[in-house]
Amino acid sequence: MRYATLVLFSVARRRFVLAWVVAACGQQAVSSPTQDAGPDVTDAGAPLDGTPDVAVTDGGAATCPYAPGCLGWILDDNFMPALLATDAAGLESLAQGYFDTNDTFVSHVPSGFPKITPMLHLDTTDFGSVFSSCSSVPQATGAVLWGPDPAQVDDGGTTFMANFVALHSAVQAFNAMCRPTNPLLIIGTLAADLGEDADAGGDNTAKFIAAQYALDFAPYVDILQIQSQASESDQTEFVSFLTQAGKQAKTGNPAVRLMGGLATIPSRLPSCDPHVLLDDIAASPSDYEGYWLNYTGAECGDSGRSEAEIAAQLLELLSDAIDGGVSLDGGP
């Protein structure tokens, strides 16, 4: 996957049945593919960037998931500048170690991080035009990020699903025409609050699992990102949600890759304690290969610390969890 290009999209808020397909350069209704006959996905059985999906050891010390290179990341545009602006001693080196990989995806890549995969954030659903020629997507772009307008979830998901299928069709046509050996891969994100509209009891995560969104959706993606950050302060719920969603996804598509969700956002991390995030990473099912680290730039409660400072402390904790970890004050 190191040199693969990715397409990221978000799913609307209902369980969907594919009833028709919109072609990349026009609209043509066809019958729905069954789950067994879902879109072809790249055989992506290996973890992101070829790293192990279980902890390995070096001299007796656990290195994964703590060491640089173990995890892939999706980062918000304003995260890296804010992180580096904290100017903690040793931070830039830590950030380069953990984030300067081809499995980190950012729209605006900061200087000094040449390996990060750039993303193109689409604000259009005219996918036929976006992927109309081989030069329409720059070769340097490694990811195309797209999410639905909130209005697209107000009609039962029909509009959003049509747009997703149009995107999938456009990407498949683009791959055949332009990147037969380095195809665009599809990353899909599923939010727990999709459960709000599910016809089941319980909270959103329980409804999400009951509706089997991950099972239905996994055949159509190469990488499935489960937005688990709403549960990150309750490790039992966090792990249970990822485990159940992951099992469903692997049933729907055994080759699908899995990523979870974490956040430095105060509403998700009211304790403002990065140890919570470290413990969630350590407890995550071993087949999860990375995280979307959600960030808004707010200060965390009454602590006076910014989200960027909490993220910086998370990197320090990750480093300290392996043998020879370096703290941000330059000490051992």
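Could you grab the pairs with beta carbons closer than 6 Å, sequence gap of 6+ or different chains, first residue in region 85-97 and more than 21 Å from residue 64 (Cβ to Cβ), second one charged (D, E, K, R)?
Qualifying pairs under 6 Å: 86/309; 89/329.
Of everything in region 296-309 that's under 20 Å from the mean Cα position of the chain (by Cα) and within 15 Å of residue 84 (Cβ to Cβ), which residue is surrounded by the most Cβ atoms within 10 Å (Cβ to Cβ)?
307
If a residue must be out of contact with any Pro (no Cβ under 6 Å at 6 or more places or on another chain), crowded, with 22+ Cβ neighbours inside 10 Å and either closer than 27 Å to residue 83 by Cβ or acidic (Asp, Glu) (or both), how many such residues does region 242-268 contain?
Qualifying residue count, region 242-268: 8.
Does any residue of region 143-162 turn out to be at pLDDT below 90, among the hydrophobic types (A, V, I, L, M, F, W, C) and in contact with a Ser or Thr (Cβ under 6 Å, 6 or more places away or on another chain)?
First, pick out the residues of region 143-162 that are at pLDDT below 90: 143-162.
Okay, now just the ones that are also among the hydrophobic types (A, V, I, L, M, F, W, C), so 143-146, 151, 153, 160-162.
From what's left, in contact with a Ser or Thr (Cβ under 6 Å, 6 or more places away or on another chain): 143.
Checked region 143-162: at least one residue is at pLDDT below 90, among the hydrophobic types (A, V, I, L, M, F, W, C) and in contact with a Ser or Thr (Cβ under 6 Å, 6 or more places away or on another chain).
Being surrounded by fewer than 22 Cβ atoms within 10 Å (Cβ to Cβ) and of a type in the set (Asp, Glu) is the filter here; which residues of region 206-231 pass it?
Within region 206-231, just 216 meets the criteria.
Does residue 89 satisfy the condition of being touching a Leu at 6+ places or on another chain (Cβ under 6 Å), among the aliphatic types (A, V, I, L, M) and either at pLDDT below 90 or part of a loop (DSSP other than H, G, I, E, B) (or both)?
On the way: touching a Leu at 6+ places or on another chain (Cβ under 6 Å): yes; among the aliphatic types (A, V, I, L, M): yes; either at pLDDT below 90 or part of a loop (DSSP other than H, G, I, E, B) (or both): yes.
Criteria met by residue 89.
Only one of (1) part of a loop (DSSP other than H, G, I, E, B); (2) crowded, with 18+ Cβ neighbours inside 10 Å; (3) in contact with a Ser or Thr (Cβ under 6 Å, 6 or more places away or on another chain); (4) at pLDDT 90 or above is not met by residue 68, so which one is it?
If we test residue 68 against (1) part of a loop (DSSP other than H, G, I, E, B); (2) crowded, with 18+ Cβ neighbours inside 10 Å; (3) in contact with a Ser or Thr (Cβ under 6 Å, 6 or more places away or on another chain); (4) at pLDDT 90 or above, just (3) comes out false.
Working only within region 115-135, note down all residues that are under 30 Å from residue 95 (Cβ atoms), of a type in the set (Val, Ile, Thr) and assigned to a loop (DSSP other than H, G, I, E, B).
Of all residues in region 115-135, those under 30 Å from residue 95 (Cβ atoms) come to 115-123.
From what's left, of a type in the set (Val, Ile, Thr): 116-117.
Correct list: 116 only.
Could you go through region 194-211 and let me know if any residue there is over 19 Å from the mean Cα position of the chain (by Cα) and of a type in the set (Lys, Arg).
Within region 194-211, one or more residues are over 19 Å from the mean Cα position of the chain (by Cα) and of a type in the set (Lys, Arg).
The values are calculated or read from the model by the stated rules, or taken from the named source; none is laboratory data. Bear in mind that the values here come from a model prediction, so they are computed numbers and not experimental data. Every residue, glycine among them, receives a Cβ derived from its backbone with ideal geometry; neighbour counts consider all protein chains shown.
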